[in-house]
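I have placed the structure first, in the form of structure tokens, so that the comments after it can refer back to it.
Just so it is clear, none of the values below were taken in a lab; they were calculated from the coordinates. Keep in mind that what you see is a predicted model, and the values were worked out from it rather than measured. Reconstructed Cβ throughout: ideal geometry from the backbone, glycine too, with neighbour counts over all protein chains shown.
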Amino acid sequence: MSFDRLWTELEPIGRHPGTGGYRRFAYGVAELECREWFVSTATDRSLDVTTDRNGNLWAWWVPEGVNPNSPALVIGSHLDSVPDGGAFDGPLGVVSSFAAFDSLQAQGFAPTQPVAIAAFADEEGAPFGVACAGSRLLTGELDADRARALRGRDGLTMAEAMRAAGHDPATLGRDDEMLARIGAYVELHVEQGRGLVDVGSAVGVASAIWPHGRYRFTFRGEANHAGTTRMPDRRDPMIAYASTALAARDAALTAEARATFGRLEVEPNGTNAVPSEVRAWLDARAATDDDLERLVARITAEAVADSEANGTTVDVTAESVSGATHFDDSLRDRVASAISSSIGGAHVPVLPTGAGHDAGILTGAGIPSAMLFVRNPTGVSHSPSEFAERDDCIAGVDALVAVVKNLGS
Ligand SMILES: [Zn+2]
């Protein structure tokens, strides 16, 4: 099975020796190495590789007699990671796609339409703060000027980082020619929850993606000496932040939603200084668009009240918000039944997820898309301990093979 070889090749790239987590940030050194792996893996298979205007990678399988301009069945995922992410989130879909190609070739299957393997750029939004940036730029959902100006943690803008990596940022933006080439997109992904474990299935199909958003809370106060400034005289923005984080947890608990402050920047960031500014990023998700709006409104109201109570101020900026995604019903049913038939008619669970994906962005742009999930025994993701059993990964490859055979012929 070529899966093992492909997996072993990609596995060491960008893994931090201390944490065991991955640091494959868009247009950074490790991510560029992953891209090189993609290009050489595709080239070894005589697939044509293109990078589109928005940095997304494509490997094209166009058998003899197939019109290369007809809409393609696209499979794939992404190669970048969150800070200290796991090995499976993204790469599992790309590796499985190449392994499925190898299996289909070995079986002598030739699709009657082009099939492409895609690796979408900057899916996690780790460096520049906007998730699914590559697919959002492709569909025009993310404005090109805004994207170019987004500044990463290392101080470089997306435009500067792209240029340094050999991409021309001037070409960013909605790409109708490229969109017309995508007939349908099927993304395989490790599950980021325990839905499949609970029902005892190796592979499932997505029904919907919860609406979700990222919001930057900027709490401002006054820097001062930690020793000489009396407690009542302080305007400490950390206090309002801390109360807001507690309120967010309570609000999400009550609403059966999710609210996470996972990133913080403090000025001047000195142990012996009352901070002047605290920037905190809220990741919020809920079952419906209305639920999400209510949740964020409640957390924002709390932040404003807590700031006023502490003589500080707060600004809230929505950095990216995605509405609920309902995957194409008929594609989902066809994908589920193709997989079911390939495993002797066994039940294939259909389940929602709280995680965003490029397949959701493409669905929003009217491209029929579907997702396959591979069982995650602990449900842990965005962590070095993220895992999937090899047998389940192989079941994922087999499911992808069944899907390409069904949709691509
Ligand atoms: Zn992912």
Q: Take the Cα atoms of the range 73-196, build their convex hull, and give its volume per residue in Å³.
A: 137 Å³
Q. Relative contact order, percent, of the range 249-344 when contacts are C-alpha pairs under 8 Å separated by at least 6 residues?
A. 20 percent
Q: Can you tell me the 0 to 90 degree angle between the C-alpha axis of helix 390-407 and the longest principal axis of the chain, rounded to 10?
A: 60 degrees
Q: Place +1 on the Cβ of every Lys and Arg and -1 on the Cβ of every Asp and Glu in the chain, take the dipole about the Cα centre, and give the residue among 320, 305, 120 whose Cα lies farthest towards its positive end.
A: 305
Q. Taking amide H positions as placed 1.01 Å from N in the peptide plane, with prolines and chain starts having none, which residues 5 or more places from residue 125, or on another chain, fall under 5 Å of its amide H?
A. 132, 133
Q) Out of residues 5 or more away from residue 186 or on other chains, whose amide H comes under 5 Å of its own, with H placed 1.01 Å from N in the peptide plane? A) 74, 75, 76, 370
Q) Short version: ³J(HN,Hα) in whole Hz for each residue of the range 71-86, in order, from phi by Karplus 6.51 cos²θ - 1.76 cosθ + 1.60 (θ = phi - 60°), x for Gly and Pro, what are they? A) x, 9, 7, 10, 10, x, 5, 9, 10, 7, 9, 7, x, 6, x, x
Q: Using only C-alpha atoms and all pairs of different ones, pull out the Kirkwood radius for the chain in Å with one decimal.
A: 22.2 Å
Q: Among DSSP beta bridges whose residues both lie in the chain, state the antiparallel percentage, nearest 5.
A: 70 percent
Q. Toward the positive end of the charge dipole of the chain, about the Cα centre and with charges on Cβ (Lys, Arg +1; Asp, Glu -1), which of 213, 232, 173 goes farthest?
A. 232
**Q.** Hz values of 3J(HN,Hα) by residue in the range 141-154 - Karplus curve (6.51, -1.76, 1.60), Gly and Pro given as x
**A.** 6, 9, 5, 5, 5, 4, 4, 4, 8, 4, 9, x, 5, 8
Q) Cα axis of helix 29-44 to longest principal axis of the chain: angle in degrees, 0 to 90, nearest 10? A) 10 degrees
**Q.** Pairwise centroid distance, computed over Cα atoms, of the range 336-405 with the range 73-123, Å
**A.** 12 Å
Q.
Nearest 10 degrees is fine. How inclined is helix 237-255 to the longest principal axis of the chain, computing both from alpha carbons?
A. 50 degrees
Q. Given the C-alpha centroids of the range 1-20 and the range 189-216, what is the distance between them in whole angstrom?
A. 23 Å
Q: Mind listing the long-range amide H neighbours of residue 350? Cut-off is under 5 Å, sequence gap 5 or more, other chains count too, H placed in the peptide plane at 1.01 Å from N.
A: 205
Q.
Quick check: the distance between the Cα centres of the range 222-254 and the range 296-323, to the nearest angstrom?
A. 13 Å
Q. Size of the dipole of the chain about the Cα centre, Lys and Arg at +1 and Asp and Glu at -1 on the beta carbon, nothing else charged, in debye to 20?
A. 300 debye
Q. Can you give the calculated 222 nm mean residue ellipticity of the chain, where each DSSP H run of n ≥ 4 adds -39,500 (n - 2.57) and the sum is split over every residue, rounded to the nearest 500 deg cm²/dmol?
A. -11500 deg cm²/dmol
